[in-house]
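The values are calculated or read from the model by the stated rules, or taken from the named source; none is laboratory data. This structure is a prediction, so every number in the text was calculated from the model and none was measured. Backbone-built Cβ (ideal geometry, glycine too); neighbour counts: all protein chains shown. We work out accessible area using only protein heavy atoms, side chains counted, and drop any ligands, DNA or RNA first. Shrake-Rupley method; radii C 1.70, N 1.55, O 1.52, S 1.80 Å.
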Amino acid sequence: MWLTSSSIGRKLVMAITGACLVLFVTFHCLMNAVAIVYPSAYNVICEFLGANWYALVASLGLAALFIVHIIYAVWLTLQNRKARGNDRYNVSKKPATVEWSSQNMLVLGIVILAFLVVHMIQFWAKMQLQEIRGVESVLPPSMGTLFIQEAFSCVWTPIVYIIGFIALWFHMNHGFWSMFQSAGWNNITWLPRLKSIACWWTSIVVLLFIAQAIVFTVNANNDFYKKDATLRDQYKEVMGDAVGIPVDRFKYDEFSSTVREHNSQLKALLGEPQQAMQMGVTEEWLNNEIARFEPVVSLLDYLEGTPAETNVQPEN
Ligand code: HEM
């Protein structure tokens, strides 16, 4: 097939997948901005993008784009090296116009991939993947702000992210205009214009990502995503649904003490079979109730305690 057998076909595949990834990264950056201006709305978006069929189709499409882009990148680099033979080691022969990033697209791509592995472990694996697997965990998978809290309260997270963003700037800036070149749009008037658009677009996106990482780090270290009153009201709704308590009549603190008290009573009854029998409840019913209340109590502990005191690992 032309897209795989010819060099220009392969470059076109790189350009098309690259363009889709630029659009994804731009959308993702705007979505993260919602977490700064309106954190509870960000959680609504995360819920919408959870394990619903349309979000799963989009995630699979995105994964396919990344995979095709990476395979073709390695393929094209190896092909170029073979064509140039030993010349690639002869640095003095490089044309002056060849930019540093164009020489290092593969290495920059590998740095971005390493960042993505860390990023997927911190977010996707604990959110969408948990929902797909149906595994019960302390943090509700749809509450993105709690995963921002977890990720950005680690000291190394902003460092890894900012290294990833810098690599993204060089990679995206070069890839952006060179994809137009691959598509044949490389005339003398348009090339400088495209380079300028690429530089502006990439810089705005990357600067926004850096600003977000800084704001998330400051907020997470102040436990903002655990303590903010509006967010707590939203978490209360999710917890109320889990235990079947209508939350409208309770403030967060009242809800917390009601749930904790009820859970303690259930546990006490489990140790008093006589009393439980008199009340007409079976041991099985009590165990089921406790299984519903315990994760909610763990989440309340997490929200009200300090990060070091609470273990938020999934309980599978
Ligand atoms: C401050 C920076 C960032 C934050 C806070 C952030 C946050 C998130 C969150 C909350 C999710 C959702 C996980 C889910 O619902 O399953 C996600 C997914 C994802 N992020 Fe990021 N992200 C950031 C930067 C980036 C960057 C720079 C890239 C790419 C270069 C990226 C690529 C992805 C990908 C590929 C997914 C998976 C999307 C899917 O499954 O459909 N993220 N991110």
Everything considered on the Cα gyration tensor (a ≥ b ≥ c; rounded for a/c under 1.5, else prolate if a/b is larger than b/c, else oblate), the stretch 24-88 must be described as oblate
Given the options VAL296, TYR225, ASN80, identify the residue whose Cα lies farthest towards the positive end of the charge dipole of the chain (+1 on Cβ of Lys, Arg; -1 on Cβ of Asp, Glu). ASN80
Between the helical axis of 7-37 and the dominant principal axis of the chain, each derived from Cα atoms, what acute angle in degrees is found, rounded to the nearest 10? 40
What distance in nm lies between label points placed 7 Å from Cα along the C-beta direction at GLU284 and GLU136? 1.7
Find the centroid of the Cα atoms in the stretch 101-118 and in the stretch 194-259, then give the distance between the two in whole Å. 29
Would you tell me the accessible area of ARG260, worked out with a 1.4 angstrom probe on the heavy atoms of the protein chains, in Å² to the nearest 10? 70
Between helix 39-48 and the chain, what is the angle of the helix's C-alpha long axis to the longest principal axis, kept within 0 to 90° and rounded to the nearest 10? 80
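Place a +1 charge on the Cβ of each Lys and Arg in the stretch 218-271 and a -1 charge on the Cβ of each Asp and Glu, then give the dipole magnitude about the Cα centre in debye, rounded to the nearest 20. Walk me through the numbers before you get to the answer.
Values: 8 positive and 9 negative charges, 34 e Å.
That gives a dipole near 160 debye.
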Using the Cα centre of the chain as origin and beta-carbon charges of +1 (Lys, Arg) and -1 (Asp, Glu), tell me which of ILE110, PHE147, ILE188 is placed farthest towards the positive end of the dipole. ILE188
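Stretched out fully, how many nm does the piece from ILE163 to MET277 gain, at 0.36 nm a residue minus the Cα gap?
On the way: separation 114, 0.36 × 114 = 41.04 nm, distance 6.17 nm.
Between ILE163 and MET277, full extension yields an extra 34.9 nm.
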Just to be sure I follow the rule: in the stretch 158-316, considering lysines 8 or more places apart or on different chains, how many pairs have Cα atoms under 23 Å apart? 6
First check a/c for the chain, with a ≥ b ≥ c the square roots of the eigenvalues of its C-alpha gyration tensor; if it is under 1.5, answer rounded, and if not, answer prolate when a/b is larger than b/c or oblate otherwise. prolate
Please report the net charge: other residues with Cβ closer than 13 Å to the Cβ of GLY240, K and R +1, D and E -1. 0
Local electrostatic count, VAL215, Cβ distance below 15 Å [Lys/Arg +1, Asp/Glu -1]: -2
Would you tally the net charge around SER182, using a Cβ to Cβ cut-off of less than 12 Å, leaving SER182 out, and scoring K and R as +1, D and E as -1? +2
In debye, nearest 20, what is the charge dipole magnitude of the stretch 180-245 about its Cα centre with +1 on Lys and Arg Cβ and -1 on Asp and Glu Cβ, if you could check? 340
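So if I place +1 on the C-beta of Lys and Arg and -1 on the C-beta of Asp and Glu, and nothing else carries charge, what would the dipole magnitude of the chain be about its Cα centre? I want it in debye, nearest 20. Could the numbers behind the result be given before it?
On the way: 21 positive and 24 negative charges, 530 e Å.
For the chain, the charge dipole is close to 2540 debye.
Enter the accessible area per residue of the stretch 219-273 (Å², integer; probe 1.4 Å; all protein chains in place). Intermediate values should be presented prior to the final figure.
Values: 3070 Å² over 55 residues.
Accessible area per residue: 56 Å².
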Using only Cα atoms, tell me the angle between helix 156-182 and the longest principal axis of the chain; keep it within 0 to 90° and round to the nearest 10. 40
